[in-house]
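Below is one structure, written out as structure tokens, with a few remarks after it.
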Amino acid sequence: MPRESAELRALLEPAVEALGFELVGVEFIRAKQGVLRVYIDSERGITVDDCSAVSHQVSGILDVEDPIRGQYALEVSSPGLDRPLYQARDFARFAGREVNVQLAAAVDGRRKFRGTLMGLREDQVVVQMSEDEELVVALDEIDSARLVPDFDSHRAEGA
């Protein structure tokens, strides 16, 4: 998963929030035909109609501002159970949850880590992997971070 595009977030966030949604993240993936992914959320969840409304609004902005050269597909969706984490507020908000983290560069020969997100400490992300092993990295050192789905809590919510 590529890092979030701060420029695209700044361009799209006001419109997404004006529609009543949280802009979780924006990713542009370069391929033969690029893909622009826009993740949205709300307290009541996300429907197909919500994605359609945001897609319509975002498409208009992208047509006018034209921030991406060439052709690409626009995808608007909920963040899903394995929600991506992008900003410092995400790492603080989901403290206590299990996460998968991939770093941009290896630390002690590893780029992939899994553990309990402890939140932020002095503007650094803290992940507890075991009783005596902790990952402490700056946000810009993280290539991608996602929540590990907690199926037990979702079963309990739906029961």
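The values are calculated or read from the model by the stated rules, or taken from the named source; none is laboratory data. The model shown is predicted, which means the values in this text are computed figures rather than measured ones. Cβ atoms come from the backbone with ideal geometry, glycine included; neighbour counts cover every protein chain shown.
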Only listed residue being part of a loop (DSSP other than H, G, I, E, B) and either hydrophobic (A, V, I, L, M, F, W, C) or under 13 Å from the mean Cα position of the chain (by Cα) (or both), chosen from Glu43, Glu4, Glu27: Glu4
Selection within region 38-76 - in contact with a strand residue (DSSP E or B) (Cβ under 6 Å, 6 or more places away or on another chain), within 13 Å of Val16 (Cβ to Cβ) and charged (D, E, K, R): Asp41
Hits in region 28-51 (condition: under 20 Å from Asp66 (Cα atoms), small (Gly, Ala, Ser) and either in contact (Cβ under 8 Å) with a residue 40 or more places away in the chain or surrounded by 10 or more Cβ atoms within 10 Å (Cβ to Cβ) (or both)): Gly34
Residue within region 12-26 that is at pLDDT 95 or above, loosely packed, with under 12 Cβ neighbours inside 10 Å and either outside the structural domain of Gly115 (by TED's automatic domain parsing) or small (Gly, Ala, Ser) (or both) present: yes
Residue that is in a helix (DSSP H, G or I) and more than 30 Å from Gly20 (Cβ to Cβ), where the choices are Asp140, Asp90: Asp140
Of all residues making up region 63-101, the number that are of a type in the set (A, V, I, L, M) and more than 22 Å from Ala10 (Cα to Cα): 4
Given (1) among the hydrophobic types (A, V, I, L, M, F, W, C); (2) more than 13 Å from Ala145 (Cβ to Cβ); (3) surrounded by 12 or more Cβ atoms within 10 Å (Cβ to Cβ), number of the condition Ala106 does not satisfy: (3)
Matching residues, region 7-24, being assigned to a loop (DSSP other than H, G, I, E, B) and within 16 Å of the chain's Cα centre (by Cα): Phe21
Cβ pairs under 7 Å, 6+ apart, first in region 92-113 and of a type in the set (S, T, N, Q), second outside any strand (DSSP E or B) and surrounded by 11 or more Cβ atoms within 10 Å (Cβ to Cβ): Asn100/Val148
Residue list for region 79-114, filter: out of contact with any strand residue (DSSP E or B) (no Cβ under 7 Å at 6 or more places or on another chain) and basic (Lys, Arg): Arg89, Arg93, Arg110
Sole residue being among the hydroxyl-bearing types (Ser, Thr, Tyr), more than 29 Å from Gln102 (Cβ to Cβ) and outside the structural domain of Arg146 (by TED's automatic domain parsing), chosen from Ser59, Ser42: Ser59
